[in-house]
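Engineer: My structure is below; once you've seen it, I'll send some questions.
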Amino acid sequence: MKMKINLSKVNINPSNFLKRAGYGFIVDRQNGKESYVRRLDSGYYPRFHMYVTESEDNIIFNLHIDQQQSSISRKRHKSEYDSERVLNELKRLKQLIDTNKI
């Protein structure tokens, strides 16, 4: 699920914002893509998984939940893209931005 935020509403860069919101930076060893993750419990999975893109005026947060690690035989892993948990997490991030708590 995607959320677009105008850059003028964010007073720090997206990487610092996500770190303060509880996300860690990762780089996929297979394809080199950079992203951010936030664990949902004490294990490595399930976890929120966020890709961030920036344009001239906007930041686009693209969030889903990884349910388990992908394997060599499966290029993709089980994920939730439009669940209530994803929507609630995006609402939490939006509230942090709107209230300037980060």
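Engineer: In this structure, is ASN16 of a type outside the set (D, E, K, R) and surrounded by fewer than 13 Cβ atoms within 10 Å (Cβ to Cβ)?
Structural biologist: Spelling it out, ASN16 is indeed of a type outside the set (D, E, K, R) and surrounded by fewer than 13 Cβ atoms within 10 Å (Cβ to Cβ).
Engineer: Within the set of pairs 6+ apart or on separate chains, which have a first residue in the stretch 62-80 that is within 13 Å of LEU40 (Cα to Cα) and surrounded by 15 or more Cβ atoms within 10 Å (Cβ to Cβ), a second that is of a type outside the set (Phe, Trp, Tyr) and at pLDDT below 60, and C-beta atoms under 6 Å apart?
Structural biologist: Here the result reads ASP66/HIS77, each pair linking the stretch 62-80 to a residue that is of a type outside the set (Phe, Trp, Tyr) and at pLDDT below 60.
Each row is one residue, and each column tells you yes or no for (1) touching a His at 6+ places or on another chain (Cβ under 8 Å); (2) closer than 14 Å to LEU96 by Cα.
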| site | (1), (2) |
| --- | --- |
| LYS2 | no, no |
| LYS9 | no, yes |
| SER15 | no, no |
| ILE26 | no, no |
| GLY32 | no, no |
| TYR36 | yes, no |
| ARG39 | no, no |
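Engineer: What's the number of the only condition in (1) of a type outside the set (A, V, I, L, M, F, W, C); (2) in contact with an Asp or Glu (Cβ under 9 Å, 6 or more places away or on another chain); (3) assigned to a loop (DSSP other than H, G, I, E, B); (4) without any contact (Cβ under 8 Å) to a residue 24 or more places away in the chain that TYR45 fails to meet?
Structural biologist: Failing condition for TYR45: (4).
Engineer: SER71 is checked against (1) at pLDDT 90 or above; (2) in a loop (DSSP other than H, G, I, E, B); (3) among the small types (Gly, Ala, Ser) and fails just one. What number does that condition carry?
Structural biologist: (1)
The values are calculated or read from the model by the stated rules, or taken from the named source; none is laboratory data. In this text, all values refer to a predicted model and were calculated from it rather than measured experimentally. We place every Cβ from the backbone using ideal geometry, glycine too, and count neighbours over all the protein chains shown.
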